[in-house]
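Everything on this sheet refers to the single structure shown next.
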Amino acid sequence: MMQITQLDALTFVGSQISVSDLDELKRLNVKTIIVARPERETPDQPTISAIRDAAEALGITVHQIPVVPGNISDADVRAFDAITSKSAHPVFAYCRSGMRATSLWALRAAKHGRSPDEILRVGHAAGFDLTAVLARHATNAA
C-alpha cells in the first residue's frame, strides 16, 4: 500500500510505489515523479522502466536519482534541486522507506533558506528525524 506525505505545497514523498499506485498519484494531480533509489536495489521493486512507461501513459514524467542508502551526495542534492526547479508540479519523490526522498527535500529546502526548525518539524510530521541531515547541511555551509 502506498504511503504518501505532503511536505509542502509542491512536494509529496513516500515509500516504494507499484504501477497500480500511479492512478492515485494522477488523482492527486502529480506531474513529476522522482525515483530516489538505484535500479534493482531490492528484488521486489518494480523496474524504473515499468514505472516510467505506466506514468508517462498518464502524463506523468519520471526521473531517477539513484541515491545509495545512507550516502546522499552533493550531486544527488543538485540533481533533486534541478529537477524540482524545472519540472511540472506537484512532484512525488520516493525511495524504499521515504527517508532518502525526504532528506533530498530537506537539503534542498535548507539550500533555499528554509529554517532548520521548520524543516525538522515537517520531517517529524512525516515520520522522519532529519537532525543528521541538517547537521550535514550546516557542515557543508560552513
* Asked: Looking at (1) over 15 Å from the mean Cα position of the chain (by Cα); (2) modelled with pLDDT under 95, which is the only condition residue 58 fails?
  -> (2)
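Would you confirm, using the coordinates I've provided, whether residue 13 is within 22 Å of residue 130 (Cα to Cα), in contact with a Ser or Thr (Cβ under 7 Å, 6 or more places away or on another chain), aliphatic (A, V, I, L, M) and modelled with pLDDT of 95 or more?
Numbers: within 22 Å of residue 130 (Cα to Cα): yes; in contact with a Ser or Thr (Cβ under 7 Å, 6 or more places away or on another chain): yes; aliphatic (A, V, I, L, M): yes; modelled with pLDDT of 95 or more: yes.
Criteria met by residue 13.
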* If only one of 47, 131 is of a type in the set (Ser, Thr, Tyr), free of Cβ contacts under 8 Å to residues at least 12 places away in the same chain and under 16 Å from residue 35 (Cβ atoms), which one is it? -> 47
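Table: residues versus (1) at pLDDT 95 or above; (2) in contact with a strand residue (DSSP E or B) (Cβ under 8 Å, 6 or more places away or on another chain).
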| site | (1), (2) |
| --- | --- |
| 45 | no, no |
| 50 | yes, no |
| 54 | yes, no |
| 69 | no, no |
| 72 | no, no |
| 78 | yes, no |
| 83 | yes, yes |
| 90 | yes, yes |
* To do: Within the range 26-60, track down each residue that is farther than 20 Å from residue 82 by Cα and in contact with a Leu (Cβ under 8 Å, 6 or more places away or on another chain).
  => 26, 51, 54, 55, 58
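Among what's in the range 1-25 and is of a type in the set (A, V, I, L, M, F, W, C) and open to solvent by less than 50 Å² (accessible area, probe 1.4 Å), pick the residue that is nearest to residue 87 (Cα to Cα). Spell out how you get there, then give the answer.
We begin by selecting, within the range 1-25, every residue of a type in the set (A, V, I, L, M, F, W, C); these are 1-2, 4, 7, 9-10, 12-13, 17, 19, 22, 25.
From the residues that got through so far, the ones that are open to solvent by less than 50 Å² (accessible area, probe 1.4 Å) too are 2, 7, 12-13, 17, 22, 25.
Details: 2: 23, 7: 17, 12: 14, 13: 16, 17: 20, 22: 18, 25: 16 Å.
In this case the residue turns out to be 12.
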* Test for residue 84: is it open to solvent by less than 60 Å² (accessible area, probe 1.4 Å), touching a Cys at 6+ places or on another chain (Cβ under 9 Å), under 14 Å from residue 13 (Cβ atoms) and outside any loop (DSSP other than H, G, I, E, B) -> no
* Quick one: which residue in 114, 108, 100, 78 is open to solvent by 20 Å² or more (accessible area, probe 1.4 Å), within 25 Å of residue 21 (Cβ to Cβ) and either free of Cβ contacts under 8 Å to residues at least 40 places away in the same chain or not in a helix (DSSP H, G or I) (or both)? => 108
* To do: For the range 26-45, enumerate the residues that are hydrophobic (A, V, I, L, M, F, W, C) and either crowded, with 21+ Cβ neighbours inside 10 Å or farther than 22 Å from residue 123 by Cβ (or both).
  => 30, 33, 34, 35, 36
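The values are calculated or read from the model by the stated rules, or taken from the named source; none is laboratory data. From a predicted model like this one, the values you see are computed outputs, not experimental measurements. Here the Cβ is made from the backbone with ideal geometry for all residues, glycine too, and neighbour counts use every protein chain on show. The protein model used for the area step is the full one, side chains on, heavy atoms only, and it has no ligands, DNA or RNA in it. Shrake-Rupley method; radii C 1.70, N 1.55, O 1.52, S 1.80 Å.
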